[in-house]
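Worksheet for the structure shown next.
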Amino acid sequence: MGILRRRTSGKYREELTPWVGLTLGALYVAAVLGVAYASLRIQQHEVDRTRMVGALKWTQWLSRSLDNLQDQGPQELTREMRRAAEEPGIAYCTLIDPEGTVIAHTDRKREGKPPAHYEWAPTDEPGVYLASTRDRQGLQVISTRLTGAGDRSRGYELRVGLAPHAFGSKQASMYTMAGYFVLAVLCLYLLIYHFLRRALTPLAVIRDRLLDLEDPIEERIQSLRLNQSFDQISTSWNRLIGFVSELQEEMRRASLSTDLSAAMDGYRSERLTDILMQIPFGVLVIEPDQTISFANRSAVGMLSEDGEPLDGESASKVMDEPLRLALLSPEKASRPGPSLASRWTDHTFQRIHGEVVLRFWSIASEGGDQETIIFVQDVTQTKEAERARDQFLYHVTHELRTPLTNIRAYAETLSQDVIDDEQTIRECYNVIMGETQRLSRLVEDILSVSQLEVGTARLQAADLKLNRILRTVVQDQQGMADAKNIDLVLHLPSKSVTLRGDKDRLNVVFTNLVGNAIKYTPEGGRVDVRCSVENQRARIAITDTGIGIDPKDQERIFDKFYRVDHPDVNAVPGTGLGLSIVQETLRVHGGTVSVESRPGEGTTFTVTLPALSLDSGPEEPEEPETVASVEEM
Amino acid sequence: MATIMIVEDDRHISRVVALWLSRHGHEVRSAEDGLAALEMIRRDAPDMLITDVNLPRMDGLALLETVRQEGLIKSQAVVLTSRCDQQEIESRLVNLKAVVHPKPFSPLHLMETVENALANDQGCGAGSLADSAGGG
């Protein structure tokens, strides 16, 4: 329908165009009126023509009979004229002589003045001319001039006034009725238009808005609402829309909630799986049929020898039967709870690179027929640490017992008066004293190495002259070297080396190394202490011509309490801690120690330490030079 | 008076034990490692053995086993040890007829053990001594 218009912009709105309907209505009325008017005009023209013919016929009769009528006198003429005037369409007749005098007339009032000028036109009748004009009342007047009918009638003029359009009252009422009908039609049209507009406008708006459903849902719902001008339709429609909107919102929330929940579940699940995959503990899930349904990276790393994923594999691939029995039997597996931490199963695996000890915790799910969750931890290092601790304690106890035995035995000997000669008694006292010192030294060494290892050792850091330390050490050890007739030679660089460290502890390092070199070098041998600087590091090499160290022992000589099982070594008292102290002290100073040795030929211990600077000037000795054999390089 | 073999790598301990045994009228033989001791036992056939466990070349337990296998000494032996694994040592001493004296030991107590062992050996004959391993 034309009254429902869609805007070309594509956006629809509730808008009617009443003037379109009104224009159409007006055009319709104009057409009806035009047709009626044309019909009337045609009909009037037809009447006029009929009247004209009638008047002409009457005029022709008059002109023919005028001569005779003149003879009968004006009364007879007037009577005839009145009779003629009764012809339909003729209002009046006036006969005027050539002088212009009215000689007969039918209606004096209507006679009127003759027109000033005639345009006479000849007719088919010889001697008869016609002229058409209007009288003062606006009636059409046909004048006939008689010129040929007879001499007596020549110059006479018959003026016939035609009656107004003689449409009767019947005709007029018909046309009025037609006008009312047209008006009624127009009003009906407008009424229909009005009601249609009211009824169809919301429908059009609804249609347009439904066509806009590609909009987002919120806008869609809101845009579907009608304004209140549509009364009940808009109220009902808006209620429907409101309901739909609420329903939609509810669905959206439900969907959002479901989506969010699903997303959160997914996120949590992924995150937890990711965490499980990355934790440094192995996690395995084993189904009742002993299929591994989950194994994180650590579990794969610990249990899969080829590094292949374990998912879907049988538990028997990575666990032997006793272990499976211990972990997967419902009665063996633990229940979740605080006691879990203390209920584990250790199992040793033989790997290519050595033994690996794994600790397993298994948790049986509720009901006993579900999967078993197994945690795995590599405790190889823990076990080694425990072993090392036990070994350390074992050695400490062992080493402490020997001096204690002597102290107790000799003290008891003295107290029981077992001996009476003075020399033996003095010997006993000396042993007690010596063993007490040994015990004290041992305790100090144990403490020292423990503190260095744990990191609680306090270092008195200071800038130290390395040359001076080495001189002091060599000087202190000179007596022992002399006793064994060993050449102890110190080779110092021409420049003084400064380094940062704890003087006393570094003293112990070089005392231990030089002392060991002298102890394990047969009489008449040689010990060289060489100091040099390479790449900002001081390098001190202690070389002896001693008994040497077997290659298998070289790896272990820095272990605590390790002593090479050799008669010459056993002959020399020692705690087995000296080299451990050397290694740990150097480690905390940023230094290193290494050993090169050939059994029977000699050993070189090489120490490196970070050097602070090299002084080119001659070094001032801290105290008078007493070392006999010092070689400047 | 008996001849007693003392095998100990710590010369001070060896010395004090020898001092006490001498005072008790026994003759003492000393060695510092297992192999040297075994040679001396084979050569001198002492009446009794007192030995440390941790010894160079051959440890005290191996020495005792060899001595028993070869039937070199019949009387109860005394094992001195500073080791912590005393239970393991005692388990190895089963049937070796020996008593353990953990270090630090009492020389007086050690002498009592020695005298008892020798007395039992003389009174009951070789091999009749009750196995007192684990005691002391």
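The figures follow:
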| quantity | calculated |
| --- | --- |
| Test: A:Val357 is closer than 30 Å to A:Met319 by Cα, open to solvent by less than 30 Å² (accessible area, probe 1.4 Å) and in contact with a Gly (Cβ under 9 Å, 6 or more places away or on another chain) | no |
| Condition broken by A:Gln60, with the remaining ones in (1) under 15 Å from A:Ile142 (Cα atoms); (2) loosely packed, with under 12 Cβ neighbours inside 10 Å satisfied | (2) |
| For A:Val473: the one exception among (1) of a type in the set (A, V, I, L, M); (2) in contact with a strand residue (DSSP E or B) (Cβ under 9 Å, 6 or more places away or on another chain); (3) at pLDDT below 90 | (3) |
| Positions within region A:234-278 being of a type in the set (Phe, Trp, Tyr) and open to solvent by 100 Å² or more (accessible area, probe 1.4 Å), in sequence order | A:Phe243, A:Tyr267 |
| Positions within region A:374-395 being over 30 Å from A:Pro288 (Cβ atoms), touching a strand residue (DSSP E or B) at 6+ places or on another chain (Cβ under 6 Å) and open to solvent by 50 Å² or more (accessible area, probe 1.4 Å), in sequence order | A:Lys383 |
| Residue that is nearest to the chain's Cα centre (by Cα), among those in region B:90-103 that are open to solvent by 20 Å² or more (accessible area, probe 1.4 Å) and more than 14 Å from every other protein chain (Cβ to nearest Cβ) | B:Lys97 |
| Test: residue in region A:493-513 that is under 18 Å from A:Thr543 (Cβ atoms), modelled with pLDDT under 90 and not basic (Lys, Arg) | yes |
| Enumeration of residues in region A:378-413 that are modelled with pLDDT of 90 or more and more than 7 Å from every other protein chain (Cβ to nearest Cβ) | A:Ile407, A:Ala411 |
| Qualifying residues in region A:422-434 (those that are open to solvent by 60 Å² or more (accessible area, probe 1.4 Å) and within 11 Å of chain B (Cβ to nearest Cβ)) - the one farthest from A:Leu577 (Cα to Cα) | A:Glu427 |
| Identity of the residue in region A:435-483, small (Gly, Ala, Ser) and in a helix (DSSP H, G or I), that ends up surrounded by the most Cβ atoms within 10 Å (Cβ to Cβ) | A:Ala481 |
| Output for region A:428-474, where each listed residue is among the small types (Gly, Ala, Ser) and more than 60 Å from the chain's Cα centre (by Cα) | A:Gly434, A:Ser440 |
| Test: residue in region B:104-125 that is touching a Leu at 6+ places or on another chain (Cβ under 7 Å), within 13 Å of chain A (Cβ to nearest Cβ) and closer than 25 Å to A:Tyr410 by Cα | yes |
| Wholly within region A:497-609, helices (runs of 4 or more DSSP H) carrying at least 1 residues that are hydrophobic (A, V, I, L, M, F, W, C) and open to solvent by 50 Å² or more (accessible area, probe 1.4 Å) | A:503-519, A:578-588 |
| Exclusive hit being closer than 23 Å to B:Arg23 by Cβ, at pLDDT below 90 and acidic (Asp, Glu), set B:Asp121, B:Asp85 | B:Asp121 |
| Per-region count, region A:214-233, residues part of a loop (DSSP other than H, G, I, E, B) and at pLDDT 65 or above | 4 |
| Contacts under 7 angstrom Cβ, first residue in region B:28-41 being in contact (Cβ under 8 Å) with a residue 60 or more places away in the chain, partner surrounded by 18 or more Cβ atoms within 10 Å (Cβ to Cβ) and among the β-branched types (Val, Ile, Thr), 6 or more apart | none |
| Some residue of region B:76-89 being open to solvent by 60 Å² or more (accessible area, probe 1.4 Å), within 14 Å of the chain's Cα centre (by Cα) and among the acidic types (Asp, Glu) | no |
| Residue in region A:159-188 that is modelled with the lowest pLDDT, counting only those that are assigned to a helix (DSSP H, G or I) and either among the aromatic types (Phe, Trp, Tyr) or within 17 Å of A:Gly54 (Cβ to Cβ) (or both) | A:Tyr175 |
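The values are calculated or read from the model by the stated rules, or taken from the named source; none is laboratory data. Please read all numbers here as calculations on a predicted model, not as lab measurements. A quick note on method: Cβ atoms are made from the backbone with ideal geometry, for glycine too, and the neighbour counts reach across all protein chains shown. Heavy atoms of the whole protein, side chains included, go into the accessibility calculation; ligands, DNA and RNA do not. Shrake-Rupley method; radii C 1.70, N 1.55, O 1.52, S 1.80 Å.
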